[in-house]
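I have placed the structure first, in the form of structure tokens, so that the comments after it can refer back to it.
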């Protein structure tokens with residue numbers, strides 16, 4: 001009887017805990033309903049514009065005909081993927097996309113961190129604000145204007161860059177018409193435009209470090225450089241890892257709009273990436289199924305990279321997105 005009574009008591013306690021938990025969740029919803037209602041618009045946005053269109057991914061495995069619709073179009077399996085992988089331009093598109101993304105990650109990712117550390121270490125508040133404002137401004141310039149500025153500054157004869165080169169006895173260079181210069185111009189101009197804006201989150205993270213850590217390092221005789229290495233950088237390391245994971249998560253999504261604006265027939269060997277090929281072939285030529293398959297392949301690489309680096313960061317640094 002004692003065992004039966006104990007089981008009955010435990011069952012009643014479990015039932016009571018579930019009811020109490022349910023009432024607590026209902027009470028939290030009632031108390032914070034206004035905050036939850038604010039989530040309706042972003043949730044609707046993602047459901048309608050991000051998850052809803054995923055229904056159309058099936059045309060990557062079909063010979064899509066707008067007249068027959070998605071469901072009525074014939075199934076072709078992996079034919080579009082095989083066509084892309086066996087095409088002569090597959091290697092060029094993949095290399096251009098990977099190289100631009102990789103070089104951007106190697107050179108563009110650390111610079112906002114260094115800028116934030118520089119601003120944080122500057123002694124004068126006025127100079128800090130001036131440097132911040134000067135570095136933020138380019139972010140608000142339209143990409144069309146930025147590319148227009150590049151075209152003016154890099155003109156073969158009258159551009160300021162070539163004027164300086166000729167002043168030192170060199171010959172003018174048609175930078176935007178040479179494929180070997182495209183990636184360097186694209187990445188460097190991107191650094192100039194975005195480094196100030198991207199440094200904001202690192203500056204905020206540096207401001208959140210406990211000042212007592214710097215005081216303790218000073219007492220221990222640490223120089224400013226050592227305080228930078230042993231206090232500032234470790235203090236923002238979790239933020240660095242999170243942003244690195246997010247950047248790797250869209251590794252294959254290079255700056256499509258800017259590349260398209262800078263692209264011409266003379267630099268196509270270096271500027272043609274998967275995104276511009278999808279636009280040219282899918283939108284302009286109407287090969288929807290073929291380019292949907294290419295886009296799916298592109299995004300699957302992003303997904304694999306995101307899952308891999310997130311798992312590695314969680315295992316090694318105990319910092320991850322989930």
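No value in this document is a laboratory result; all are computed from the given coordinates. Please read these numbers as outputs of a predicted model, since none were measured by experiment. Note: ideal-geometry Cβ built from the backbone for every residue, glycine included; neighbour counts use all protein chains shown.
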inquiry  = Pairs of alpha-carbon atoms within less than 8 angstrom and 6+ residues apart define the contacts here; what relative contact order does the chain have, in percent?
reply    = 23
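Of 51, 202, 136, how do they rank once you tally other Cβ atoms within 10 Å and put the fewest first?
On the way: 51 9, 202 22, 136 14.
Placing the least packed residue first, the sequence is 51, 136, 202.
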message = Of the candidates 292, 281, 158, which one comes out as most mobile in a Gaussian network treatment of the chain with C-alpha springs shorter than 10 Å?
response = 158
task = Per DSSP H run of n ≥ 4, the term is -39500 (n - 2.57); total these for the chain, divide by its residue number, and report the mean residue ellipticity at 222 nm rounded to 500 deg cm²/dmol.
result = -20000 deg cm²/dmol
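With the cut-off at 34 Å, report for the chain the share of all Cα pairs above it, as a whole percent.
Of the Cα pairs, 48 percent sit more than 34 Å apart.
Over every pair of different alpha-carbon atoms in the stretch 24-123, take the mean of 1/r and invert it; report that Kirkwood radius in Å.
Final number for the Kirkwood radius of the stretch 24-123 is 19.5 Å.
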remark   = Length gained, residue 316-residue 122, 0.36 nm per residue minus C-alpha separation, equals 66.6 nm
inquiry  = Taking 0.36 nm per residue of sequence separation and subtracting the Cα-Cα distance, how much length would be gained by fully extending the chain between residue 54 and residue 98, in nm to one decimal?
reply    = 13.4 nm
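Can you sort 230, 120 from fewest to most other Cβ atoms within 10 Å of each residue's own Cβ?
230, 120
Quick one: 305, 176, 106, fewest Cβ neighbours within 10 Å first, how do they rank?
106, 305, 176
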remark   = Note to self: C-alpha centroids of the stretch 260-287 and the stretch 160-228 sit apart, in Å, by 30
message = With a 10 Å cut-off between alpha carbons and a GNM built on the chain, which of 160, 201, 111 moves the most?
response = 160
ask   = Hey, how many Å between the Cα centroid of the stretch 51-65 and the Cα centroid of the stretch 29-47?
value = 30
key: Inter-label distance, nm, simple model (7 Å from Cα along the C-beta direction), residue 304/residue 47   = 3.3
